[in-house]
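This report refers to the structure that appears directly beneath it.
Please treat every number below as a calculation from the coordinates, not as lab data. Since we're looking at a predicted model, the values are computed, not measured. Neighbour counts are summed over all protein chains in view; Cβ atoms, including those assigned to glycine, are modelled from backbone coordinates with ideal geometry.
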Amino acid sequence: MGRPRKRFGQHWLRDEQVLHEILAAANIEKRDRILEIGPGQGVLTKWLVSLAEAVVAVEIDWDLHRALKNQFEKAENFYLIQGDILELDVDDALLSQPEFQHPNKVVANIPYYITGPILEKLLGTIRHPNPRPYDSIVLLLQKEVAERLYAAPGSKTYGALSVRVQYLADCELICPVPAKAFKPPPKVDSAVIRLRPRPFPIPCQNPKLLDQLVKLGFAQKRKMLRNNLKSLIDRDRLNALLEAMALNPQARAEDLSVPSWITLSNQLSNIL
Ligand code: SAH
């Protein structure tokens with residue numbers, strides 16, 4: 001096998017403990033059909049293939065694709081696709097493989113340079129949530145992004161990404177992962193997280209407006225919400241809304257929980 005390719009974000013996981021944390025978090029049952037993104041040299045794949053009903057893996061690197069094909073030649077429950085996960089419609093790719101159905105879980109140590117787009121691919125967006133949501137998504141990703149995903153309101157790392165992702169899924173930290181768990185070690189620390197997509201308990205009447213509010217609200221993080229939103233609603237009306245929601249009129253975007261964002265959006269949707 002050649003050298004790891006930087007441009008594909010290749011860092012091989014070599015820590016058995018982390019591997020087991022990932023597998024335990026995915027809680028794989030015999031009937032699960034797993035999607036793996038970037039199987040690399042197959043450390044995780046090996047386990048997935050032995051535990052699940054089926055594994056579909058997408059690997060961009062032709063050399064790894066060839067090596068994986070050989071390594072898993074005899075595994076009938078394994079289907080490998082060479083391609084870019086961002087360009088690929090996995091369900092379409094499976095149409096020619098009737099024995100492989102839509103995967104219900106995702107388990108992956110993903111390439112960090114496309115973390116945001118991968119999250120969007122798996123979860124969808126506020127406006128267009130993934131119409132075929134996964135039961136769970138367990139990812140190894142860079143710590144700095146992980147922290148933003150499970151951040152609580154008011155914390156340093158809570159921002160637009162936190163609201164967007166938490167609107168679409170419950171998010172938990174499974175464990176931190178030091179850079180030395182990989183070969184070669186990446187420049188950043190990492191973490192394992194688990195996402196469980198679900199409809200948010202408070203229905204949002206106008207997802208387009210919610211999306212716009214979050215975008216504008218966090219555009220300048222240090223500013224008060226009423227300043228960031230002034231193109232949408234005048235200060236007095238917003239103050240009244242915030243007060244009715246038991247929020248300080250001087251609140252910043254980072255002070256609003258996901259339920260507060262939805263409530264604000266629903267209220268505004270009625271008056272705009
Ligand atoms: N899962 C392996 C490898 C992780 S490194 C392990 O834990 O050791 C990230 C992997 O994603 C590499 O194999 C890389 O080639 C692959 N990859 C990078 N960009 C990709 C893309 N756009 N689509 C699919 N796979 C990609």
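Any idea how far the Cα center of segment 42-74 sits from the one of segment 219-272, in Å? When both Cα centres are located, 48 Å separates them. Can you tell me how segment 61-106 classifies by the Cα gyration tensor, rounded, prolate or oblate, using a/c under 1.5 as the rounded cut? The shape class here is oblate. Ordering LEU86, LEU210, LEU68, LEU241 by the number of other Cβ atoms within 10 Å of each residue's own Cβ, fewest first, gives LEU86, LEU241, LEU68, LEU210. Using only side-chain charges placed at the Cβ, +1 for Lys and Arg and -1 for Asp and Glu, the dipole size of the chain relative to its Cα centre rounds to 960 debye.
For segment 191-272, applying the loop criterion from DSSP together with a ceiling of 16 other beta carbons within 10 Å to the trypsin sites (Lys or Arg not before Pro) yields LYS221, ARG222, LYS223, LYS230.
Helical runs (DSSP H, four residues minimum) scored at -39500 (n - 2.57) apiece and divided by the length of the chain put the mean residue ellipticity at 222 nm at -10500 deg cm²/dmol. Which of the three applies to segment 207-271, rounded, prolate or oblate, going by the alpha-carbon gyration tensor with a ≥ b ≥ c and a/c under 1.5 meaning rounded? It comes out rounded by the Cα gyration axes. Hydrophobic long helices, here whole DSSP H runs in the chain with Kyte-Doolittle means of at least 0.0 and Cα atoms spread over 24 Å or more along the helix axis, are not found. Placing unit charges on the Cβ atoms of the charged side chains and taking the dipole of the chain about its Cα centre, the candidate lying farthest along the positive direction among LEU242, ILE118, PRO203 is LEU242. Distance cut-off 26 Å, Cα to Cα: go down the list LYS69/LYS183; LYS180/LYS221; LYS30/LYS180 and report the pairs above it. In this structure, LYS180/LYS221; LYS30/LYS180 lie more than 26 Å apart at Cα. In this Cβ point-charge picture (+1 for Lys and Arg, -1 for Asp and Glu), segment 207-271 has a dipole of about 280 debye about its Cα centre.
Overall form of the chain: prolate. Here a/c, set by the Cα gyration tensor axes a ≥ b ≥ c, is 1.5 or more, and a/b is the larger of a/b and b/c. Annotation: the residues TRP47, TRP62, TRP12, TRP261, sorted from fewest to most other C-beta atoms within 10 Å of their own C-beta, follow the order TRP62, TRP12, TRP47, TRP261. Ranked by the mean number of other Cβ atoms within 10 Å of their residues, highest first, the peptides 75-83, 118-126 fall in the order 118-126, 75-83.
Whole angstrom only: what separates the Cα centroid of segment 102-168 from the Cα centroid of segment 180-201? Distance between centres, Cα-based: 9 Å. Put simply, when 144-150, 21-27 are sorted by average Cβ atoms within 10 angstrom per residue, most first, you get 144-150, 21-27.
The Cβ shell under 12 Å around ARG194 holds other residues with a net charge of -2, Lys and Arg each +1, Asp and Glu each -1.
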